[in-house]
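To start, the structure under review is shown below, and the notes come after it.
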Amino acid sequence: MTVPPHVAIDPAILYFGTPVILLSSLNEDGTTNLMPMSSVFWLGRRAVLGIGAKSQTALNIERRPEVVMNLVSADLVSHVDRLALTTGRPDVPRWKADAGYVHEPDKFRAAGLSAVASATVRPRRVAEAPVHLEAQVRALHQLEADDVAAGRRTLVVEAQVTKVWIAPDLRLAGYPDRVDPDRWRPLIMSFQHFYGLGARVHPSRLASIDEDRYRVPAPAGRRAEAPAP
Ligand SMILES: Cc1cc2nc3c(=O)[nH]c(=O)nc-3n(C[C@H](O)[C@H](O)[C@H](O)COP(=O)(O)O)c2cc1C
């Protein structure tokens, strides 16, 4: 195979494609704020999320370190898109106001989605999302902390998943605690645009490892955290 030489570019963003979630956090008045976001990945039972420091979500998490990650499927895209360019902050930050953002106090209503109570945290879950991960925030890091000029732009949030809920049809047949990746159709954001996933493209050698090998014995009767694959 001949590979043409690469060209060097200087993109403003490096969003090469990640799953979209609606992040629930608790507002000061006890209602739940929803933030569409896609800077998220998971290792074992921990999640790592990149959250703009000026968002209502960042304020909420600093006050009450609990979240629900509502993972949305591609068919919910129009609901997610209704939350774009909105913020739960009444004092819309300057950059957002200039970009067309408006204050939206009731994100569930705005998105046409319904709230259900969570089991281990106070922020509510999004009923229509096929996957809900309730989580406790365990650490807050500042991104670009080495760059004094950058200021406090983005928080990197580390959260421990405390409860996993999935739509029954996502279960892998014969395995009560597994997700069927052929049925899970996440919504993907790539460079600010929405995509779905195609079909499986190749057999996976990594998948020759039984999933349960990643589970480690839990302390005090709790399920513990697993090593990264
Ligand atoms: C599809 C999508 C993905 C987004 N991903 C992120 C993200 O990963 N991190 C982030 O800080 N903002 C992200 N945003 C922008 C936030 O949704 C936006 O800052 C919003 O105002 C936050 O809401 P809040 O102020 O009520 O917390 C994304 C928006 C959309 C529509």
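Tabulated data for the structure shown
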read-out: Label-reachable residues, segment 1-27, where backbone N falls under 17 Å from a point 7 Å from Trp95's Cα toward its Cβ; value: 11-15
read-out: Once the Cα gyration tensor of the chain is diagonalised, semi-axes √(5λ) in Å; value: 28, 24, 19
read-out: Heavy-atom surface of segment 18-221, accessible at 1.4 Å and reported per residue (Å²); value: 56
read-out: His141, His79, His6, ranked by accessible area, largest first (probe 1.4 Å); value: His6, His141, His79
read-out: Gap separating the Cα centres of segment 155-176 and segment 6-64, nearest whole Å; value: 18
read-out: The chain, accessible surface, carbon-and-sulfur percent (1.4 angstrom probe); value: 56
read-out: Environment charge at Ala84 (Cβ cut-off 13 Å; Lys +1, Arg +1, Asp -1, Glu -1); value: +1
read-out: Value at 222 nm in deg cm²/dmol, rounded to 500, when DSSP H runs of n ≥ 4 in the chain each add -39,500 (n - 2.57); value: -2500 deg cm²/dmol
read-out: Net lengthening on full extension, Asp210/Ala167 (0.36 nm per residue, minus Cα-Cα); value: 13.2 nm
read-out: Label-point separation in nm, Leu197 to Asp75, each point 7 Å along Cα→Cβ; value: 1.6
read-out: For the chain, built as a Gaussian network whose Cα springs stay under 10 Å, the top-fluctuating residue of Leu14, Leu59, Leu23; value: Leu14
read-out: Full-stretch length increase - Ile188, Gln160 - with 0.36 nm per residue and alpha-carbon distance subtracted; value: 7.8 nm
read-out: Test item: Cα-centred dipole of the chain, Lys/Arg +1 and Asp/Glu -1 on Cβ, debye; value: 420
read-out: For Glu134, solvent-accessible area (1.4 Å; no DNA, RNA or ligand), Å²; value: 0
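The values are calculated or read from the model by the stated rules, or taken from the named source; none is laboratory data. Only a predicted model underlies this, so the values are computations on that prediction, with no experimental measurement involved. Neighbour counts run over all protein chains shown; Cβ positions are idealised from the backbone, glycine included. All accessible areas refer to the heavy atoms of the entire protein, side chains included, with ligands and DNA or RNA removed. Shrake-Rupley method; radii C 1.70, N 1.55, O 1.52, S 1.80 Å.
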